[in-house]
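A.B. asks: Following this message is one structure expressed as structure tokens.
The values are calculated or read from the model by the stated rules, or taken from the named source; none is laboratory data. Owing to the predicted nature of the structure, the values given are computational and were not obtained by experimental measurement. All Cβ positions, glycine included, derive from the backbone under ideal geometry; neighbour counts span all protein chains shown. These accessible areas exclude ligands, DNA and RNA; they are computed on the full protein's heavy atoms, side chains included. Shrake-Rupley method; radii C 1.70, N 1.55, O 1.52, S 1.80 Å.
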Amino acid sequence: MNFKLCDLAFFVLLILSASCTKREFLKESGQVEAFAEMVATDVKPLALGPLMSEAEMDLFMPEAERLAEKYQISFFRESELVKTKLFPQDIAEGKEVLILYKGTALLNYEDLKKRLASTSDEKEIRDLSRRFGRLLGYPSSAINNLLAENSEFRGLEDFQIQGQELIWFFQDLNKAKDFYAEKLGLKLLEENASSATFQIAGDSRLVLKSVADSEYSGQEAKSVALALLTDNLEAWYEHVQKENIPVKYSLKQNPEGAHDGFVAIDPEGYLLEFEMFRQHPENEILMPELQSLEPQSTKLGSNLNFYGSVTWLYYKDMLPMEIFMTENLGLRLSADQGWAKIYRVSENSYLGLVDEKRGMNSFAEEKLVEVKFDLKDANGWEEYLEKTSVDSTRIKNTFKDLGGDLFRF
């Protein structure tokens, strides 16, 4: 009897031992193969395999070698994964991970790890965390989401953007109101003696204000343009000509191009770009967004409608502004035209950055324009800026971008 019990115990141990040495890793293998293909096709500079214990990693190595050979990539067995603000600090505690890469990408990771180990500065740590995200092939929006989950970083979307207002200033407010109400047929939402708010489409609005009741002289540059998005360019062009509205650039249409349009001039010189975007490689993200929008008829008729807007702002140096939009404000890039970038603000409104060397306007230090974000939690964004803004001249419920444009919220 005792012999049989001992024999049974030995048999159980044998089974347990076999199970420990023959784990199939089906799920892990599938994950690593997917990432290996992404690295091989340059979708990701490097990728992280699933976390494993040291014993599990020992068993998985033959499969890792097979996949590396299959996709002609390399891997590094990392036992001390770099700690950033993208993930919880203890996410890899006591675990190992495979780093999949090609060429010199691992050198970037090693340099990043070295720099993180030598700093305690929060901004530098956040910047290095963003660098790690880029090494992993994450878009800026994904990096922002991870930083918001694991650090104090917040973007505008975290405070719920409900709309955007473009604010223009006029010497003759009544004439401007008449132009936008009667000649363009925009819906008047509210007005008083010194301002009038018109709806372009949905949550996109244009606000006209009197220069006399502002802090502006009226001599500042109109370094801005408003794109009115519509698919009825020919009807609008005919209407603009009929109303004798000055045209700066005539209607241009190119079925193979990324966008068509023409540019008109309002009573005091602000530029109005009537624009339609086409399916094009640079509009792969933008087009599905626009196609989901419902055109809003003006009082001029259903064929004279708009479904959104782009506020074009002009800059000398584009790259710092692109970083400001994505990393300070957390906005998402919808279209990249090279010398112009379009970021979605809300359902119907976009912000566009334009290189002054290619755009219709030039950059100006002082300009007769403001942009306002309608935030559900404006107080929360103000508190965040109080803690993080380095602009000592900032006024409550406002901020400025790197080009000096004033944003209200």
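A.B. asks: How much length, in nm to one decimal, is gained on full extension between N303 and S217, taken as 0.36 nm per residue of separation minus their Cα-Cα distance?
C.D. replies: Gain in length upon complete extension: 27.1 nm.
A.B. asks: Another question, if that's okay. Relative to 2.2 N^0.38 Å, what does the C-alpha radius of gyration of the chain come to as a ratio? Two decimals please.
C.D. replies: Here the answer is 1.30, to two decimals.
A.B. asks: Which links in K183/K242; K316/K367; K175/K299; K299/K341 stretch past 20 Å when you go from one Cα to the other?
C.D. replies: In this structure, K299/K341 lie more than 20 Å apart at Cα.
A.B. asks: Tilt of helix 2-21 relative to the longest C-alpha principal axis of the chain, in degrees (0 to 90, nearest 10)?
C.D. replies: Rounded to the nearest ten degrees, it is 40.
A.B. asks: Among DSSP bridges having both ends in the stretch 76-226, what percentage is antiparallel? Round to the nearest 5.
C.D. replies: The answer is about 65 percent antiparallel.
A.B. asks: Test of the criteria: in the stretch 65-171, which GluC sites (Glu not before Pro) are in a DSSP loop and have at most 12 other Cβ atoms within 10 angstrom of their Cβ?
C.D. replies: Those that pass, being in a loop and sparsely packed, are E80, E93, E152.
A.B. asks: Taking the alpha-carbon distance from K177 and a cut-off under 14 Å, which aspartates and glutamates remain once sequence neighbours fewer than 8 residues away in the same chain are dropped?
C.D. replies: E190, E191, D266, E268
A.B. asks: Taking the stretch 364-409, which trypsin sites (Lys or Arg not before Pro) meet the DSSP loop condition and have no more than 14 other C-beta atoms within 10 Å?
C.D. replies: When the trypsin sites (Lys or Arg not before Pro) of the stretch 364-409 are filtered for loop state and at most 14 Cβ neighbours within 10 Å, K376, R394, K396 remain.
A.B. asks: Another question, then. Sorting check: for 334-341, 270-277, which peptide has the highest mean count of neighbouring beta carbons within 10 Å, and how do the rest follow?
C.D. replies: Packing order, densest peptide first, comes out as 270-277, 334-341.
A.B. asks: Here's a follow-up. Taking Cα atoms, how many degrees apart are the long axis of helix 54-71 and the longest axis of the chain, rounded to 10 and kept between 0 and 90?
C.D. replies: 60 degrees
A.B. asks: Right, another one. Could you check how much of the accessible area of the stretch 220-364 is carbon and sulfur, as a whole percent, using a 1.4 Å probe?
C.D. replies: That fraction is 46 percent.
A.B. asks: Next question, about the same structure. With a 1.4 Å probe and all protein chains left in place, how much accessible area per residue does the chain have, in Å²?
C.D. replies: 51 Å²
A.B. asks: OK, next. Please report Rg over Rh for the stretch 337-378, where both radii come from the alpha carbon positions and Rh follows the Kirkwood definition.
C.D. replies: 1.04
A.B. asks: Can you tell me, using C-alpha contacts under 8 Å and at least 6 residues apart, the relative contact order of the chain as a whole percent?
C.D. replies: Contact order relative to length: 14 percent.
A.B. asks: Right, next: Based on the alpha-carbon gyration tensor of the stretch 213-364 and its eigenvalue square roots a ≥ b ≥ c, which shape applies: rounded if a/c is under 1.5, prolate if not and a/b is larger than b/c, or oblate?
C.D. replies: Taking the square roots of the gyration eigenvalues as a ≥ b ≥ c, the stretch 213-364 is oblate.
A.B. asks: Can you tell me the convex hull volume per residue for the stretch 336-409, based on C-alpha atoms, in Å³ to the nearest whole number?
C.D. replies: Value for the stretch 336-409: 122 Å³ per residue.
A.B. asks: I would also like to ask the following. What's the angle, to the nearest 10 degrees (0 to 90), between helix 26-40's Cα axis and the longest principal axis of the chain?
C.D. replies: Approximately 50 degrees, to the nearest 10.
A.B. asks: Let me check something: with ligands and nucleic acids excluded, how do R66, R358 order by accessible area (1.4 Å probe), largest to smallest?
C.D. replies: Of R66, R358, the descending order of accessible area is R358, R66.
A.B. asks: While we're looking at this one, here's another question. With a point put 7 Å past each Cα toward its Cβ, work out how far L189 is from N150 in nm, to one decimal.
C.D. replies: It works out to 3.9 nm between the two label points.
A.B. asks: Would you please report the Å³ per residue occupied by the convex hull of the alpha carbon atoms in the stretch 70-156?
C.D. replies: In the stretch 70-156, the Cα convex hull volume per residue is 103 Å³.
A.B. asks: Sort the stretch 47-110 into rounded, prolate or oblate with this rule: let a ≥ b ≥ c be the square roots of the eigenvalues of the Cα gyration tensor; rounded if a/c is under 1.5, and if a/c is not under 1.5, prolate when a/b is larger than b/c, oblate otherwise.
C.D. replies: It is oblate, given that a/c is not under 1.5 and a/b is not larger than b/c.
A.B. asks: From the P(r) of the stretch 299-343, can you give the percent of Cα pairs sitting at distances over 18 Å?
C.D. replies: Cα-Cα pairs in the stretch 299-343 separated by more than 18 Å: 39 percent.
A.B. asks: Of all DSSP beta bridges located in the chain, what percent are antiparallel, nearest 5?
C.D. replies: Here the antiparallel bridges make up roughly 70 percent for the chain.
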